[in-house]
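Each remark here refers to the structure printed beneath this line.
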Amino acid sequence: MHAAAQAPIGVFDSGIGGLSVLKALQAELPHERFVYLADSAHAPYGERGDAFVAERTHAIADYLVSHHHIKALVVACNTATAAAIHEARSRYAQLPLVGVEPALKPAVAHSKTQRIGVIGTHGTLGSTKFASLLATVQGQAEFVIQPCKGLAHAIELSTIQAPAGDHEQREVHRLCVQYTQAMGQFGKGQGQIDTLVLGCTHYVFAAEDLQQILGPDVTLISTGEPVARQTRRLLEAAGLLASSSKAVLTESNRTQLLTSGSLIALRAAALRWLQLPAHACAEALTLR
Ligand code: DGL
């Protein structure tokens, strides 16, 4: 086994959305260590434009490689994947890199009505990468594409203000209702949308809300598990899977969470979504 195999896997998002991917990675790869970076000082990415998002992606990748010596990078953000993964692959040719994209193919395989909804940020759904992805499934189903301006941001805020029923939680609910209503009828009847692709990692944290709004006949599809399996495959192929015989890892000693923004917010999200203690979180002080 490669010596670098004991190095951590880097994971990043514009904020807390990528924690939904991290959770799947922790389950799939129990012997690995992770460094998660929430770029909350620059969130949301969805309405910032490709050049900005690409610049952030490269700054974060440089930081994780040089300060944390990561052995692989998971871009746990659809928007950053769409804007920057292509260039990142050539900049970090030696680094196993995994991105996330809306799970259109699994949705086609699942849908019975062949009418599929896709929600995501403007950045993701307006990208040429998404257009190419859509072209690969054209003709196999009808797609109703809905950018959800403000939803990722509202989810970030609702996590900080934990108690359900408060203003931020209601704002998430209001936006979910507004955007799904704009997409048409949901359900398992002919012509109805029976499958909704969550094309932004933040939206996984609104899944309960969405399911309650859309009803039990609608299936929500996210990408955490397939991304985790793909990460395992890449590490295996590179001989970089961590050995299971090293020191016992617990969730809190194998995962370090960093933020470019508010530490209080990250701690609230870590506790709420991953049951990680405050000491697992810190500020990414040297990230530019
Ligand atoms: N979580 C991100 C995504 O998957 C970005 C949300 C945002 O910052 O706008 O697209």
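Some notes on this structure:
- For region 89-218, the solvent-accessible area works out to 47 Å² per residue, with a probe of 1.4 Å and every protein chain left in place.
- Region 163-202 and region 5-30 have Cα centres spaced 26 Å apart.
- Computed about the Cα centre, the dipole magnitude for the chain is approximately 500 debye when only Lys and Arg (+1) and Asp and Glu (-1) carry charge, each at its Cβ.
- Extension gain (nm, one decimal) between His167 and Ala27, 0.36 nm per residue minus Cα-Cα: 47.1 nm
- A Förster distance of 30 Å, applied to the separation of the beta-carbon atoms of Gln185 and Arg229, puts the FRET efficiency at 0.35.
- Distance between modelled label sites at Arg91 and Leu271, nm, 7 Å Cα→Cβ extension: 3.5
- Judged by the gyration tensor of its Cα atoms, with axes a ≥ b ≥ c, region 129-237 is oblate; a/c meets the 1.5 cut and b/c is at least as large as a/b.
- Cross-link reach is defined here as a Cα-Cα straight distance under 19 Å, omitting same-chain residues fewer than 8 places apart; for Lys112 the aspartates and glutamates meeting it are Glu142, Asp194, Asp217.
- Using a Förster distance of 22 Å, the FRET efficiency for Ser262-Arg174 (Cβ separation, nearest 0.05): 0.40
- Relative contact order of the chain, pairs being alpha-carbon contacts under 8 Å that are 6 or more residues apart, as %: 28
- Filtered GluC sites (Glu not before Pro), region 1-90: DSSP coil and at most 16 other beta carbons within 10 Å: Glu47
- Straight-distance crosslink candidates among lysines, where the alpha carbon sits under 27 Å from Lys105 and sequence neighbours closer than 8 are dropped: Lys23, Lys129, Lys149, Lys188
- Charge dipole (the chain, unit charges on Cβ, about Cα centre) - positive-most of Ala268, Ala61, Ile193: Ala61
- Taken over the chain, the convex hull of the Cα atoms encloses 123 Å³ per residue.
- FRET efficiency for the Asp62 to Ala4 pair, using the beta carbon distance and R₀ = 25 Å, is estimated at 0.90.
- In region 96-152, the trypsin sites (Lys or Arg not before Pro) that fall in loop regions by DSSP, at most 15 other Cβ within 10 Å: Lys112, Lys149
- Global form of region 186-282, assessed from the alpha-carbon gyration tensor, a/c cut-off 1.5: oblate
The values are calculated or read from the model by the stated rules, or taken from the named source; none is laboratory data. Quick caveat, the model's predicted, so the values are computed rather than measured. Every residue, glycine among them, receives a Cβ derived from its backbone with ideal geometry; neighbour counts consider all protein chains shown. Surface areas here come from the heavy atoms of the whole protein model, side chains and all, with no ligands, DNA or RNA. Shrake-Rupley method; radii C 1.70, N 1.55, O 1.52, S 1.80 Å.
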